[in-house]
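One structure is given below, encoded as structure tokens.
The values are calculated or read from the model by the stated rules, or taken from the named source; none is laboratory data. Predicted model, so just to flag it, every value in this text is computed and none were measured. No Cβ is skipped: glycine too gets one built from the backbone with ideal geometry, and neighbour counts run over all protein chains shown.
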Amino acid sequence: MSLRTRAPAAWARAGVVLAAVLAADQIVKALVVSALQRGEERDLVIGAKLVNTRNTGIAFGQLQDGGVIVSAVIAIALCGLLAYFAYNAHRPLMWLPTGMLLGGALGNIVDRVREGAVIDFLKLPHWPAFNVADAAITIGVVILLVVVERDDRARRRA
């Protein structure tokens, strides 16, 4: 597959991943909100708890009640990601982390628009509460680093 034909397929794949992450995130959040009152906790397994809490900040609760600053940070990050993907869509597997990052970001943006804060529902010991979108973003960053590093190594060898 040539670089010219690989890029549109990469955008389509990223779109499918984005939609899957967004749907999973919103469905699980709706289930948690319907099952637990805000602030309620239930034990799951060995220290993990199901919670219904809100986060007005960004990752790990940073910039709580940051409002415009949080929105600006998110907008800049998404624009940077889209620009990077537009330039690198031809790279093998670049669509996967891009879709995960966009889907996760959009899942949390939907919450911010609807609730004024992000709905978090999984609490692990010594870790802030998080959600499907947060997990997709974290895993997406790791995969992005692997994809970029792998591609850079292949270029250096060639």
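Suppose the filter is within 30 Å of Arg42 (Cα to Cα) and β-branched (Val, Ile, Thr); does Ile74 pass it? Taking the combined requirement at face value, the residue does not satisfy it. Look at Gly61 and say whether it is modelled with pLDDT under 85 and either within 17 Å of the chain's Cα centre (by Cα) or closer than 22 Å to Trp127 by Cβ (or both). Taking the combined requirement at face value, the residue satisfies it. With the structure loaded, tell me whether Leu81 is part of a helix (DSSP H, G or I), modelled with pLDDT of 95 or more, hydrophobic (A, V, I, L, M, F, W, C) and out of contact with any His (no Cβ under 9 Å at 6 or more places or on another chain) or whether it fails that test. Judged against the criteria, Leu81 is not a match. Residues that are outside any helix (DSSP H, G or I) and within 26 Å of Arg13 (Cβ to Cβ) were ranked within the stretch 119-157; the one that is modelled with the highest pLDDT is Asn131. Within the stretch 106-143, the residues that satisfy the criterion of being among the aliphatic types (A, V, I, L, M) and surrounded by fewer than 21 Cβ atoms within 10 Å (Cβ to Cβ) are Leu106, Ile109, Val110, Val113, Ala117, Leu122, Leu124, Ala135, Ile139, Val141, Val142, Ile143. Within the stretch 17-47, which residues are of a type outside the set (D, E, K, R) and exposed (fewer than 13 other Cβ atoms within 10 Å of the Cβ)? Scanning the stretch 17-47 gives Ile27, Ala30, Leu31, Ser34, Ala35, Gln37, Gly39, Val45, Ile46, Gly47.
Table: residues versus (1) in a loop (DSSP other than H, G, I, E, B); (2) modelled with pLDDT of 95 or more; (3) of a type outside the set (A, V, I, L, M, F, W, C).
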position	(1), (2), (3)
Ala7	no, no, no
Leu18	no, yes, no
Asp25	no, yes, yes
Lys29	no, yes, yes
Ser34	no, yes, yes
Asp65	yes, no, yes
Ala77	no, no, no
Leu93	yes, no, no
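Scanning the stretch 77-94 for residues being over 14 Å from Pro8 (Cα atoms) and either more than 15 Å from the chain's Cα centre (by Cα) or touching a residue at least 40 places away in the same chain (Cβ under 8 Å) (or both) gives a total of 2. Checking each residue in the stretch 95-118 for being more than 17 Å from the chain's Cα centre (by Cα) and outside any helix (DSSP H, G or I) picks out only Gly116.
For the stretch 66-105, how many residues meet the condition of being surrounded by fewer than 18 Cβ atoms within 10 Å (Cβ to Cβ) and closer than 26 Å to Val32 by Cβ?
Residues that pass the stated criteria total 7.
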